[in-house]
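Colleague: Questions regarding the structure given below will be posed in turn.
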Amino acid sequence: MPLGHTLLGLLEAGPRHGYDLKRAYDERFGRDRSLPYGQVYATLSRLLKHGYVEVEGVESGDGPDRKRYTITDEGITDIERWLAQPESPEPYLRSTLYTKVVLAMLTRRSATSVLDTQRREHLRLMRELTARKIAGDLIDQLICDHALFHLEADLRWLELTTARLADLERTVLS
Amino acid sequence: MSAPLLEAAGLHKSFGATPALAGAGFSISAGEIVAVMGPSGSGKSTLLHCLAGILAPDDGTIRFRGQDLVQMSDAGRSALRRGEFGFVFQRGRLVPELTCLENVALPLRLTGTGRRDAERQAMAWLERLEVADTGAQRPGEISGGQSQRVAVARALVTDPSVVFADEPTGSLDSLNGERVMRLLTLAARESGSAVVLVTHETRVAAYSDREVIVRDGRTRSEEFVR
C-alpha cells in the first residue's frame, strides 16, 4: 500500500494531527493491520521534505503530536496524478502452486493431493472471509469480496489443472 | 455429531445408457448447510433430485429421519416434499398467474392453512427477504434478483427441515447473487433449516459449512470446518 499517497488523500479532507491521521487510516484501511506510529511520522516527514504537506500550527506541549499537518497545492497535484494513473495488473506468471505441481510429478509424488490440499485451504479461507463479510459492514464486504474473487480465480485454476493432470504429466515426464 | 437428518448411500441413476450417479453418498445434519459441487454433467443436480424425492434412484438408499424415501409411496413422498422440504431453483419457477404474495402463500395453502393466515405469514417472509413491495405484483413484473428472493421466501415459509437449492444464483449478477445467498443462509440458520446447496461457484459454496464434491457420479466429502 503506498502509504504516502494514502496519508495525503486523508489530509486533503482536512488538516489533522499525526494521531488523528493514524486513526483515520486504521478505520478505513487498517482493519487487518493498524499503522504503527513510527511509520506515520516517518512518512509525514518525507512528505514535508517534498513540500506535499506543511505544518499548519504547533500547539504548546511536548511530543510530535502537537503538530497539525495540512496538504499543499503540490500535494494535491501529486495525489491527483496518482489517482488518475492505472495500477499495473499483477502478471501472476510465477506461481508457487504451478512449481509444486510440476515438482510433485517430477519426483513421482501425487500432484492430485497437492491440488486437493490447496483447494481445501483456499475454501477454508473463503469460508472465513464469507463469515466475516456476513457479520460485517459494507467496508468489510468490499475488502473481503476483493480477496474472495482472487481466491475464486485460484480455485478455477486448481480445478482446470486437476482436469488436465494426465496431459500435464505426459508433457512434464516426456 | 448428531444423527444425520437426511442420508443416502450407494446411489445409482442412469438416463438411458448414460450413468448420472454411480455409487454416490450424502449426509446432512439438522441446520447444516452443505454445498454440492462438481463440474457440469458430474451428477450434482441428479443427486439433489434423488435426495429430494423428485427422482427415484435405480439403486441405493435414501433416508430422511430414518424413513426410507425409495420404498415410500408416491403420496407419502409428495406429503414429505410439501411439509418438510423447500425448493429454490436457478430461475424462481414462480407461478406466473399468481401475485408474489400468493406464490409465497401457496405451500401453506397446499398444506391446509387458511388464506388469511397463509398470506400473513407469506408477507412476513417477503419482508424478511427485503421484497415486501413485490407482494401485489406478478412474477413477470419483477426483476430476476427480486424473483429469486421471492422464491427463497416461498421455500422457507413452511419452516422446512431441508431446503434444496439448485444453482440459486445461477441466473443472477454478482450483487444480486450475494444478496440472495446472504439472505438465504441467514434465514435458514435462524429457522434451523438444513440447506443442500448445488453450485459450481466456489464463492457461493463458501456460504456453506462444508462441501461434497461430485465427480463422474461419485461423491467425495471434505472435512467439517466449523
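Colleague: Given H placed 1.01 Å from N in the peptide plane, which residues other than close sequence neighbours of A:His17 have an amide H under 5 Å from its amide H?
Modeller: A:Tyr69
Colleague: If a/c stays under 1.5 just call it rounded; otherwise compare a/b with b/c (prolate if a/b is bigger, oblate if not). Do that for the protein assembly as shown, with a ≥ b ≥ c from the square roots of the Cα gyration tensor eigenvalues.
Modeller: oblate
Colleague: Quick check on the exposure proxy: order B:Cys50, B:Cys100, A:Cys144 from fewest to most C-beta atoms within 10 angstrom.
Modeller: A:Cys144, B:Cys50, B:Cys100
Colleague: Still on this structure: Which whole-Hz couplings ³J(HN,Hα) result when phi for each residue of the range B:209-221 is put into the Karplus expression 6.51 cos²θ - 1.76 cosθ + 1.60, θ = phi - 60°, listed in order with x for Gly and Pro?
Modeller: Rounded to whole hertz, the list is 7, 7, 10, 10, 9, 9, 9, 6, x, 10, 10, 9, 9.
Colleague: Under a crude label model (7 Å from the Cα following the beta-carbon direction), how far is A:Leu160 from A:Glu54 in nanometres?
Modeller: The two pseudo-label positions are separated by 5.4 nm.
Colleague: Fewest to most neighbouring Cβ within 10 Å: what's the order for B:Lys13, A:Lys49, B:Lys44?
Modeller: Going from least to most buried by this count: A:Lys49, B:Lys13, B:Lys44.
Colleague: Note down the relative contact order for the range A:96-173 as a percent, whole number, built from C-alpha pairs under 8 angstrom at least six residues apart.
Modeller: Dividing the mean separation by the residue count of the range A:96-173 yields 36 percent.
Colleague: Scan around A:Val53 for amide H atoms under 5 Å from its own, H built in the peptide plane at 1.01 Å from N, and keep only partners 5 or more places away or cross-chain.
Modeller: Those lying under 5 Å, H to H, from A:Val53 are A:Leu48, A:Thr72.
Colleague: Something else about it: How far apart, in nm, are the 7 Å Cα→Cβ label points at A:Tyr41 and A:Leu106?
Modeller: So the label points at A:Tyr41 and A:Leu106 sit 5.0 nm apart.
Colleague: Something else now. Within chain B, what percent of beta bridges assigned by DSSP are antiparallel, to the nearest 5?
Modeller: 55
Colleague: Run the helix sum for the protein assembly as shown: -39,500 (n - 2.57) per DSSP H stretch of 4+ residues, divided by residue count, reported at 222 nm to the nearest 500 deg cm²/dmol.
Modeller: Value at 222 nm, helices only, nearest 500: -15500 deg cm²/dmol.
Colleague: Now, a different point. Nearest 10 degrees, 0 to 90: what angle lies between the long axis of helix B:144-156 and the longest principal axis of chain B (Cα atoms)?
Modeller: Once rounded, one gets 70 degrees.
Colleague: Cut-off under 19 Å on the C-alpha distance; same-chain residues fewer than 8 positions from A:Lys49 excluded. Which lysines are left, in chain and number order?
Modeller: Leaving aside lysines fewer than 8 places away in the same chain, those within reach of A:Lys49 are A:Lys67.
Colleague: Any idea how far the Cα center of the range A:17-78 sits from the one of the range A:112-174, in Å?
Modeller: Rounded to whole Å, the Cα centres lie 38 Å apart.
Colleague: Shape of the range B:96-139 from its Cα gyration tensor (a ≥ b ≥ c, root eigenvalues): rounded if a/c is under 1.5, otherwise prolate when a/b > b/c, or oblate?
Modeller: oblate
Colleague: If you don't mind, there's one more thing I want to ask. For the range B:44-88 and the range B:163-191, write down the distance between their C-alpha centroids in whole Å.
Modeller: Here the answer is 22 Å between Cα centres.
Colleague: Amide H neighbours of B:Val88 under 5 Å, counting only residues 5+ apart in sequence or on other chains, H built in-plane at 1.01 Å?
Modeller: Residues meeting the criterion, in which the H sits 1.01 Å from N, are B:Phe164, B:Ala165, B:Asp166.
FYI, it's all coordinate maths here, none of it is from the lab. All of these numbers come straight from a predicted model, not from anything done at the bench. So basically every Cβ, Gly included, is an ideal-geometry build from the backbone, and we count neighbours across all protein chains shown.
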